[in-house]
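For reference, the structure discussed in these notes is given below.
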Amino acid sequence: MADLSFLKYPLEYPLGITGADALSTAQVAAVPSLDNPGKPARPLLLKQLRDMQLPDGGWGEPTIFNAYDRYIGTLAAIWALSEWNEAADQNRIAQAREVLNDSAEQLSQETRDSLKKASVFLKTHS
């Protein structure tokens, strides 16, 4: 079994454990406390995750839109918030689900565009 004793040490925003991105923050925010598995090990990370929610209701890089980043960040945030099932997060989760639906279409278009560019690149560099 993995050694999770580091989770017992109190940290404010443990950037040594998680980066500033939604995916990393969500992954650590979903980890239960060793002493009380019904509670998060890092409750302040849930606050950080909530603070990272974008105005459109999703999570991801705020300065450059990338459908993949937005989709993965939002999906991870929904998962982490759902793990703790707090009533105050239900509206956030509902907004985020709408963003997932929108991002799925954009992700599909970005994928098609990227494949077309890759195809052109391969044809011109063969």
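What follows is calculated from the coordinates using simple rules that are stated; it is not laboratory data. Everything quoted here is computed from the prediction, not taken from an experiment. Reconstructed Cβ throughout: ideal geometry from the backbone, glycine too, with neighbour counts over all protein chains shown.
Distance between the modelled labels on residue 86 and residue 63, one decimal in nanometres: 2.8 nm (7 Å Cα→Cβ projection). When the stretch 12-124 is described by a simple charge dipole with +1 on each Lys and Arg Cβ and -1 on each Asp and Glu Cβ, the residue from 41, 27, 121 located farthest towards its positive end is 121.
The convex hull around the C-alpha trace of the stretch 12-124, projected and averaged over every direction, spans 8.5 square nanometres.
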